[in-house]
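Visitor: I'd like to ask some things about the structure below.
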Amino acid sequence: MDDRYMLRAIELAKKGIGKVNPNPLVGAVIVKDDRIIGEVYHRKHGDLHAERHAFSNLTERAEGAEMYVTLEPCCHYGKQPPCTEAIISHQIKRVYVGSDDPNVLVAGKGMKILRDAGIEVIPHVRKEECDALNSVFFHYITTGRPYVVMKYAMTLDGKIACETGESKWVTGEAARLRVQERRNELSGIMVGIGTVLADDPNLTCRLPDGRNPVRIVCDSHLRIPFECNLVRTAENIRTIIATISMDLKKKKELEKRGAEVVICKEKDKRVDLQDLMLYLGNENIDGILLEGGSSLNNSALKAGIVNRIEAYVAPKIFAGSGKYTPVRGIGANTPSEAYLLRNPQVERIGEDLLLTYEVLGKKKIME
């Protein structure tokens, strides 16, 4: 085994970011006599899977070769035939696998089929790095709901805006570019109506070759203006407005302008976010960048839909009363009621810091 080839497969897999959703990111490398004779990544949803595509790019016969693949090869018919069949038919002698596939249609069956065909299978090669490629896919395929990343930018003293409400810009250019990359990576972006009314955002991806995410607005009482940027561009960029309002006249007018209005279940006189996640999952929206204000952030945490937090911290201090904070709401009465986070990661981006955590939930709920 040579880890270099799995690292190469991981590098290739990342090239599918923003193109394969709701499929996983997968890279495959075929090696013979310590030479790469075929390599590729899953390029887009509905296209050939990485393993089959690698065989189509062979420089010589693959008989007796080894394959490095970041995710367990599929063994079922979907938009494409099983990759296990291609591996067996090309007489690969050994397969190195990075991640297990939690999809119930695969889940160990792919590796078993290969072993039953006499192919040696070595699992969990660079597993941690391979798993990191597909946190969104793993969550989506096992729950049917989107993986939600709550993102916000704040100063060192915890402010997301000045006392005037001015927030452009808290962070520097490099951090803002990273946010655009996340918009390209995740298939949906969600804000609350407060953000729409205050900022009139476009919520597009501004990378040259980027993909615009599906825009989702939580608007419980259907206050969204017809003249806002999201409605004006709804015919060209998919826009979903989630509400509990029964104002059918406004709903019809918004739909005439290209927006999709979804009437959700009600919880505490607001959109039930769990119900909305179920709807979005059924629409093949596997991941969401939550760029809402402090009220929606609070509601999302309270509803238990947030999987990860990405907090950008700028080397600035705004001071003031602190009314513009990342998360509002009633708040915890004691430290024991705090939302718990784990697996911290710290990255410097320009002059800013990016702090990333997985969300566990409230301690009192977990005990």
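The values are calculated or read from the model by the stated rules, or taken from the named source; none is laboratory data. Only a predicted model underlies this, so the values are computations on that prediction, with no experimental measurement involved. Because the Cβ atoms are built from the backbone with ideal geometry, glycine has one as well, and the counts that use them run over all protein chains shown. Surface areas here come from the heavy atoms of the whole protein model, side chains and all, with no ligands, DNA or RNA. Shrake-Rupley method; radii C 1.70, N 1.55, O 1.52, S 1.80 Å.
Visitor: State which residue is surrounded by the most Cβ atoms within 10 Å (Cβ to Cβ) when the search covers only region 236-256 and only residues that are closer than 24 Å to L289 by Cβ and more than 24 Å from the chain's Cα centre (by Cα).
Guide: Per the criteria, the residue is L254.
Visitor: Next up: Filter region 170-197 down to residues that are closer than 21 Å to R328 by Cα and open to solvent by 40 Å² or more (accessible area, probe 1.4 Å), then give me how many there are.
Guide: Summing the residues that are closer than 21 Å to R328 by Cα and open to solvent by 40 Å² or more (accessible area, probe 1.4 Å) in region 170-197 gives 2.
Here is a yes/no grid of residues against (1) in a helix (DSSP H, G or I); (2) closer than 14 Å to Y68 by Cβ; (3) in contact with a strand residue (DSSP E or B) (Cβ under 8 Å, 6 or more places away or on another chain); (4) not β-branched (V, I, T):
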| site | (1), (2), (3), (4) |
| --- | --- |
| L7 | yes, yes, no, yes |
| I10 | yes, yes, yes, no |
| A13 | yes, yes, yes, yes |
| P22 | no, no, no, yes |
| V29 | no, yes, yes, no |
| I37 | no, yes, yes, no |
| K44 | no, no, no, yes |
| E51 | yes, yes, yes, yes |
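Visitor: Can you say whether L25 is within 18 Å of D101 (Cβ to Cβ) and modelled with pLDDT of 90 or more, as far as the supplied structure shows? Before the answer, list the steps.
Guide: Numbers: within 18 Å of D101 (Cβ to Cβ): yes; modelled with pLDDT of 90 or more: yes.
When the stated conditions are applied, L25 passes them.
Visitor: Here's another thing I want to ask about it. Specify which of the listed residues (V125, V97) is farther than 30 Å from T243 by Cβ, in contact with a His (Cβ under 8 Å, 6 or more places away or on another chain) and either β-branched (V, I, T) or in a loop (DSSP other than H, G, I, E, B) (or both).
Guide: Numbers: V125 fails: in contact with a His (Cβ under 8 Å, 6 or more places away or on another chain).
Unique residue meeting the criteria: V97.
Visitor: Right, something else. Exactly one condition in (1) surrounded by 11 or more Cβ atoms within 10 Å (Cβ to Cβ); (2) under 26 Å from G165 (Cβ atoms) is false for G361; which is it?
Guide: G361 satisfies all of (1) surrounded by 11 or more Cβ atoms within 10 Å (Cβ to Cβ); (2) under 26 Å from G165 (Cβ atoms) except (2).
Visitor: Quick one: what pairs do we get from region 141-167, first residue more than 20 Å from L296 (Cβ to Cβ) and part of a loop (DSSP other than H, G, I, E, B), second of a type in the set (A, V, I, L, M) and open to solvent by less than 40 Å² (accessible area, probe 1.4 Å), C-beta under 8 Å, 6+ apart or different chains?
Guide: L156/V313; L156/A314
Visitor: Select, from L340, L296, L289, the only residue that is of a type in the set (A, V, I, L, M), surrounded by 15 or more Cβ atoms within 10 Å (Cβ to Cβ), assigned to a strand (DSSP E or B) and in contact with a Gly (Cβ under 8 Å, 6 or more places away or on another chain).
Guide: Working: L340 fails: surrounded by 15 or more Cβ atoms within 10 Å (Cβ to Cβ); L296 fails: assigned to a strand (DSSP E or B).
Criteria check complete, one pass: L289.
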